[in-house]
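**Student:** Have a look at this one before I ask anything.
Bear in mind these aren't lab numbers, they're just calculated from the coordinates by the rules spelled out. Given the structure is predicted, the values throughout are model-derived calculations rather than measurements. Cβ coordinates were reconstructed from backbone atoms using ideal geometry, including for glycine residues, and neighbour counts include every protein chain displayed.
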Amino acid sequence: MIVSSLVAPAIILASQVGPNPAGPLQTDGHAELRDRQPREYPAEPIADPAAAWLSDCLDRLSDDASRAHTMAQIRRNASYGAERVLANHCLGLAATELGRWEDAIIAFSAARDESPEDEPRVRARFGTMAGNAAFASGDPARALTILEQAKVDAQASASAPLQAIAASDLARVYVAMDRSGAALVELDDATRLQPDNAEGWLLKATLLRRLERYGEAQTAIERAGELAPLEGAIGLEAGVIAVLSGRDEAARQSWQSVINIQPDSLAAQTAQDYLAQLGEPRAEASEQEPS
């Protein structure tokens, strides 16, 4: 039985969801570098009927994560080998939905350790899941240790997408540990490995902006915008880079575009806040001044 054929179906990493795609204008912190939306890993074909149990367990996650958690615990305790890997997979995802980070770390780590050494893609997936659960729990040092091993597995897999995922996840941890130089190295790798992935360019632009390297940040955010022109987080970041570079009108245009494209979104609300903080254009403000 080939484990990768069992654990591959659309593995969803949902262990870090930030409340806001970009923090308040010109504020300290690195929330936009730490947080991200749920992400789907590169999927592989499902060839083994034993994956049916996993599919059933995963189907329950959004509606009844507690039941999925219990199902997976029972299955894990009564199984071994590939079936135990499957059980830990669902258990980790259910624990993630419930915010039970220690359970998630243990389950994903066990799934990784119990996967065959000649299946580095599977091991890399579970390693990044475990590392992100550790990071979400508030333990970046533990996350770093786990993700460094996941990076080794990803390199062994020769999968560029998996290597890019490990690199971008490591970057977030390094940012949280105030190791911006190391984070930038990882994001350089991520964008090299997946040059058509907008998320990597967005993260790189954000970090470069934090480092006050505005010209490089502008280049990176333009690339992100080319790849995902409708993504609100990119429009928000483009505006922040513009205003910090002294280009207020460009910032207004970026934030207004977010509002026009996604008027009912959280990104649009943030754009409205940014525009309010920036104030009216000088020409309009001067026209309203009494003579």
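**Student:** Describe numerically, in nm with one decimal, the distance between label points set 7 Å from Cα along Cα→Cβ at Ala160 and at Gln272.
**Tutor:** Distance between the two pseudo-spin positions: 4.1 nm.
**Student:** Between Glu148 and Glu216, what length in nm is gained on full extension when 0.36 nm per residue of separation is reduced by their alpha carbon distance?
**Tutor:** So the extension gain works out to 21.8 nm.
**Student:** According to the square roots a ≥ b ≥ c of the eigenvalues of the Cα gyration tensor, what is the shape class of the stretch 106-196, taking rounded for a/c under 1.5, prolate for a/b larger than b/c otherwise, and oblate for the remainder?
**Tutor:** Cα axes put the stretch 106-196 in the oblate bin.
**Student:** Given 0.36 nm per residue, what is the gain on full extension from Asp196 to Glu117 after removing their alpha carbon distance, in nm?
**Tutor:** 25.5 nm
**Student:** In addition: Of the listed peptides 105-115, 58-68, what is their order by residue-averaged count of other C-beta atoms within 10 Å, with the highest listed first?
**Tutor:** In descending order of packing, they fall as 105-115, 58-68.
**Student:** Of Ser254, Ile221, Gly232, which is farthest towards the positive pole of the stretch 205-277's charge dipole, taken about the Cα centre with +1 and -1 on the beta-carbons of Lys, Arg and Asp, Glu respectively?
**Tutor:** Ile221
**Student:** Starting from 0.36 nm per residue, how many nanometres of slack lie between Glu102 and Asp63 once their C-alpha separation is accounted for?
**Tutor:** Between Glu102 and Asp63, full extension yields an extra 11.9 nm.
**Student:** Could you work out the local net charge near Gly127, counting Lys and Arg as +1, Asp and Glu as -1, over the other residues with Cβ closer than 13 Å to its Cβ?
**Tutor:** Net local charge, Gly127 excluded: -1.
**Student:** Given axes a ≥ b ≥ c from the Cα gyration tensor, I'd like to know whether the stretch 134-291 is rounded (a/c under 1.5), prolate (a/b larger than b/c) or oblate.
**Tutor:** Prolate, because a/c is 1.5 or more and a/b exceeds b/c.
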